[in-house]
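Participant: Before anything else, here's the structure in question.
The values are calculated or read from the model by the stated rules, or taken from the named source; none is laboratory data. Being a predicted model, the structure only gives us computed values, none of them experimental. So basically every Cβ, Gly included, is an ideal-geometry build from the backbone, and we count neighbours across all protein chains shown. Note: accessible area is taken over every heavy atom of the protein model, side chains too, but ligands, DNA and RNA are not part of it. Shrake-Rupley method; radii C 1.70, N 1.55, O 1.52, S 1.80 Å.
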Amino acid sequence: MKKIYWIILYLVSVSILFANPAKLIEFKSIGFSIEKPNTWEEVTSEEFLDSKNRVYLDSKTLTKLLHESREVPLFSIRKGDPEIEKYLTTINIKAQKSDLEFNNIPADLRTYLFRLSLVLKNFDYIVEPKTVRINGYLAGYALFSHSILDEENNETKVVSAFWIFPMKDHIYLVGSGFLYEDFESFLDEIKQIVGTIKFSKR
């Protein structure tokens, strides 16, 4: 019995030492919260815009519109070192007022993503739009691959995960991008973070 006790105590101690505590991020004005692991860094508006302006689309006109846009997400985090890594895993969250009812979440999400598929190169669904439940809230979810270009027209295959939470007066869009290679390991961690999303009454 004593050996079992010490083994359990040791395992618990190790799990505490190697745990990654998270910081609760709250936006009380819209009743939204998410937990940010300490291994992820918040992205400033300037950093987001700078990163966005390094992405190029097939169309010069759409690339120009993308680069000219000053719209930034409600909240953005990244994992990785921007000094040594060209592409970082990111999660971006946007909240916007909407009068859309989303009576059929998968179908409405597919319609929402259709416009995006027109401007992304080699767009291909990995997981077709479907309904999921996160902390009791219904959300639309889709996973797709596509290619991004840099200034020298070099092509890189990436994966994007997309969630949409239709609420009473807002829709919350959660998007994440990461490299296609070994994307399952990135996706597992991202799903854990998205799984901490909560909404509260204002």
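Participant: Taking only protein heavy atoms into account and a 1.4 Å probe, give the accessible area per residue of the chain in Å². Can you show the working numbers first?
Facilitator: Details: 12930 Å² over 202 residues.
The answer is 64 Å² per residue.
Participant: Kindly provide the Kirkwood hydrodynamic radius of the chain in Å, to one decimal, from all pairs of distinct alpha carbon atoms. Walk me through the numbers before you get to the answer.
Facilitator: Values: mean 1/r = 0.0535 Å⁻¹.
In the chain this quantity evaluates to 18.7 Å.
Participant: Shifting gears a bit: Just how many pairs of Lys in the stretch 88-202 have C-alpha atoms closer than 19 Å, counting pairs that are eight or more places apart or on different chains?
Facilitator: The number of close lysine pairs in the stretch 88-202 is 11.
Participant: Let me check I've understood the local charge: for L149, count other residues with C-beta under 9 angstrom from its C-beta, Lys and Arg +1, Asp and Glu -1. What total comes out? Don't jump to the answer; show the numbers that get you there.
Facilitator: Values: positive: K121; negative: D58, D150, E151, E152, E155.
It works out to a net charge of -4.
Participant: In addition: To the nearest µm²/s, what D does Stokes-Einstein give for the stretch 112-178 at 10 °C and 1.306 mPa s, using the Kirkwood radius over alpha carbon pairs as Rh?
Facilitator: For these conditions, the coefficient is 122 µm²/s.
Participant: Computing the accessible area with a 1.4 Å probe over protein heavy atoms, can you report the carbon and sulfur percentage for the stretch 85-194?
Facilitator: Values: 2880 of 5960 Å².
On the stretch 85-194, the fraction of accessible area on carbon and sulfur atoms equals 48 percent.
Participant: Among the GluC sites (Glu not before Pro) in the stretch 101-202, which ones are in a DSSP loop with at most 16 other Cβ atoms within 10 Å of the Cβ? Mind listing them? Each step should come with its number before you reach the end.
Facilitator: Working: sites: E101, E151, E152, E155, E181, E184, E189; in loops: E101, E151, E152, E181.
Here the sparse-neighbourhood loop sites are E101, E151, E152, E181.
Participant: Using a simple spin-label model with points 7 Å from Cα along the Cα→Cβ vector, what separation in nm is obtained for Y180 and R54?
Facilitator: Inter-label distance under the simple model: 2.0 nm.
Participant: When all protein chains stay in place, what accessible area (Å², nearest 10, 1.4 Å probe) is found for H146?
Facilitator: 10
Participant: Just grab the label-to-label distance for E42 and F27, each label 7 Å out from Cα along the Cβ direction, in nm (one decimal).
Facilitator: About 1.3 nm separates the two model spin labels.
Participant: Roughly how many whole Å is it from the C-alpha centroid of the stretch 36-84 to that of the stretch 100-119?
Facilitator: Answer, in whole Å: 23.
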